[in-house]
Amino acid sequence: MGSDIWGLVHFWLFLIAAGLALKWFAQAVYSRVAFIMLGEKRELKRDLKERIRQIAVQMFGHQTLLKERGPGWMHVIMFYGFIILQFGAVDLIGKGLVPNWHLPLGNAYPYFQWFQEMTVLFVLGAVFYAYYRRYIRKVKRLKRGWKAGVVLWFIGSLMLSVLLSEAALTLAEARTVSLFRPASSLIALALHPVSADAAGAMFYVFWWAHLLILLSFLVYVPQSKHAHLLFAPFNIFFRKLEPPGKLSHVDFEDEDAEEFGVGRIEAFARDQLLDLYACVECGRCTAACPASMTGKLLSPMDLIVKMRDHLTEKGSAITSRSPWVPAFAFSGQQHLKTSDETDLKTDSFSLGADASLIGDVITEQELWACTTCRQCEELCPVANEHVDFIIDMRRYLVMTEGNVPAEAQRTLNHIEQQGNPWGLHRRDRSEWMKQIGDSANVKTVQEADSFEYLFYIGSMGSYDRRSQKIIKAMIKIMNHAGISFAVLGNEEGSSGDTARRLGNDYLYQQLAASNIEVFHQYNVRKIITIDPHAWNTFKHEYPELGLNSDIEACHHAELLSKWLQEGRIKPDRSLPQTITYHDSCYLGRYNGIYDAPRNILQHIPELQLVEMKRSRENSMCCGAGGGLMWLEEREGTRINVERSKQALELKPDVVATACPYCLTMMTDGLQAAGADEVEAKDIAE
């Protein structure tokens, strides 16, 4: 009779505990979904096949995570261990509710038990490795507060409760130890003096420990950084499928628009707000960010975390839904950040729902430190798009508030008035043609009867004397290869990339419309440029403003490599020098062009090409992107100097580039590093 009452009480306690946990879990998840739904609706590209592929590659294949082998494999073990052990959890909970029950797997059940215990041991190993990296090795990018480590205690104690429960059950049922249960059998041998009745009681103690830890973890997950377990798969599935780094369109024809850019957290698109709860807080983005690593205030991870906490607070105020359940367990969640705390040392950030997104939550200093290099996005395992957030907030500062740093405003004024960042006269745009002489045989589109390529010179090639050497080299190569080309001369205008990345989309659209009109007027079919920023803009961003889809934009690195392979050009002079190549962000991470520049260099006789530690997808920015070519760095060390030092570790004779901005930054960086004997040259030179 007593055992029947105990069984009934035991069952009802289980139902109450499980029901309460599931209710709290659902409330916490629903609150955060409600906060995300406060965002603006945005139409995303419908490509189910590609979205499923992204899930397969990123979520199940761990492609991005495995770029860092140790932590990557640790996460693979935890991820698949978590899935596999859910079957074990059902098996264990069933044993505690129904005596002598187990999963109906027939003769395969012993193999199931072996597989479960091996998985438990692997997961425990992964937990110890994670603890070692965070608290013993103290990897700089990882937080070390109690919240950062609590998940390790959850997982570790869950694994131990599985083994202890199985060991106690072995003793209670007087089962023989088995190789199919290697770990729990060893524990049972160590506890052998314990009586069957005591072992039975121990089983229920460990069973309840397992259940309560599992349910507590379930409730904790959506209210912590581990919400990524729930939101990351959706974030990967709903990620933008446009070309990497392509900025959202600003509709200036919308008469209902009261502001341009984003100045309120709820004004971001829903798929952007999903990023915030998907963040793993792994710190990979911050560790690689050129601004962060050279002492600037910007930390991509902290940017996301602060906006996430702000969304939680403001979303709670707007919807009247509490984000914390049960409230008593999270009473310490809200606290004010003191002035001397840094975000890497704190686990949450709170300024209240009335805080201003720009100014209180995110500082202007952070927004103007970003070079838009996309290294943060390249390394993010959950497909967060940090640059979009930053540019949207820059747009708000520039176009809604008119709040622009003096240097940026001067640059924008120069571009608007004269079509170039220096403010030099727009009629001087073709002066470079006089510098190279008539023998170069350069014709404008007005003079040429026909031409295959429009050679877009760009502001750097038109006005910067150093960049004009690249133009001269390209013209010489094209003439030698028999390439038919023409230039626009004074009809050429700024591509608008600098204006757009500095937040002035209105000016960008004016410049783009003017260029598109000229391209169409002269029946342009192919455009070649030495500027990856202009090339990226022509290729990916002009089409939505009306550029004919049959106009092909080409970068000179692509074409030089192609012409070499076709035999149209062939280096006939040896160059017995050591050269390292610096990858342009807008050529590499934005467009995946890594091999073409290297192929060009490898065609040069006797040239030795050596790679920097940070190269290709992991290359460090030169510091010029995002319009920062025209802003002075006043925090920390200069990005171009840091990049130049990385190149100098290889003791090269030449640092090669494929971008006039990179060329300028690397030239200045090498000089600042005291390496006057090392040259920076474009691949065309």
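The values are calculated or read from the model by the stated rules, or taken from the named source; none is laboratory data. These figures come from a predicted structure and were not determined experimentally. Glycine gets a Cβ as well: all are built from the backbone with ideal geometry, and neighbour counts include every protein chain shown. The protein model used for the area step is the full one, side chains on, heavy atoms only, and it has no ligands, DNA or RNA in it. Shrake-Rupley method; radii C 1.70, N 1.55, O 1.52, S 1.80 Å.
The smallest convex shape that holds all Cα atoms of the range 88-146, its convex hull, gives 108 Å³ per residue. Taking all protein chains together and rolling a 1.4 Å probe, residue 551 ends up with roughly 20 Å² accessible. Nonpolar atom fraction for the chain, defined as the carbon and sulfur part of the 1.4 Å probe accessible area, stands at 57 percent.
Number of Lys-Lys pairs in the range 26-148 with C-alpha atoms under 27 Å apart and a separation of 8 or more places or on different chains: 7. Of the residues 75, 556, ranked by 1.4 Å probe accessible area with the largest first, the sequence reads 75, 556. What you get for the range 454-611, charging only the Cβ of Lys and Arg (+1) and of Asp and Glu (-1), is a dipole of about 520 debye around the Cα centre. Axis of helix 300-319 versus longest Cα principal axis of the chain: the two differ by about 60°, to the nearest ten degrees.
Only the Cβ atoms of Lys and Arg (+1) and of Asp and Glu (-1) were treated as charged; on that basis the dipole of the chain about its Cα centre amounts to roughly 2000 debye. A simple count of charges around residue 525, restricted to other residues whose Cβ falls under 10 Å of its Cβ and scoring Lys, Arg +1 and Asp, Glu -1, yields -2. Accessible surface computed residue by residue for the range 387-465, with neighbouring protein chains in place and a 1.4 Å probe, gives 46 Å² per residue. Rounded to the nearest 10 degrees, the angle from helix 146-172 to the longest Cα principal axis of the chain is 40 degrees. Separation of the range 456-482 and the range 567-628, taken as the distance between their Cα centroids, equals 18 angstrom. Compared with the dominant principal axis of the Cα atoms in the chain, helix 2-36 is inclined by about 20°. Farthest toward the positive end of the dipole of the chain, out of 88, 327, 670, is the Cα of 88, where the dipole comes from beta carbon charges about the Cα centre. Across the range 530-660, Cα-Cα distances exceeding 25 Å account for 33% of all pairs. Residues in the range 49-90 average 56 Å² of solvent-accessible surface per residue, probe 1.4 Å, ligands and nucleic acids excluded.
Mean sequence separation of contacting Cα pairs (under 8 Å, at least six apart), scaled by the length of the range 225-281, corresponds to a relative contact order of 75 percent. Taken one residue at a time, the phi angles of the range 222-234 give Karplus couplings (6.51, -1.76, 1.60, θ = phi - 60°) of x, 9, 9, 5, 7, 4, 4, 4, 8, 8, 4, x, 5 Hz. Gly and Pro are set to x. Amide H to amide H distances under 5 Å link residue 581 with 610, 612, 656, where only residues 5 or more positions off or on other chains count and H is placed in the peptide plane.
Sequence-distant contacts, meaning Cα pairs under 8 Å at least 6 residues apart, place the relative contact order of the chain at 12 percent. Sorted from greatest to least, the principal axis extents spanned by the alpha carbons of the range 6-127 come out as 55, 36, 28 Å. Dipole orientation for the chain: of the candidates 522, 30, 129, 129 has the Cα lying most toward the positive pole (charges on Cβ; Lys, Arg +1; Asp, Glu -1).
Compactness check for the range 175-245: Cα Rg over 2.2 N^0.38 Å is 1.93. For the range 375-457, a Kirkwood radius taken over Cα pairs fed into Stokes-Einstein (37 °C, viscosity 0.692 mPa s) yields D = 193 µm²/s.
Sum up the charges of everything whose Cβ sits under 12 Å from the Cβ of residue 654, counting Lys and Arg as +1 and Asp and Glu as -1, but leave residue 654 out. Taking every other residue near residue 654 into account, the sum is -3.
Summed over the residues of the range 550-685 and divided among them, the accessible surface reaches 41 Å² per residue at a probe radius of 1.4 Å. With the dipole of the chain worked out from charges on the C-beta (+1 for Lys and Arg, -1 for Asp and Glu) around the Cα centre, which of 422, 483, 610 lies farthest toward the positive end? Of the candidates, 610 comes out farthest on the positive side.
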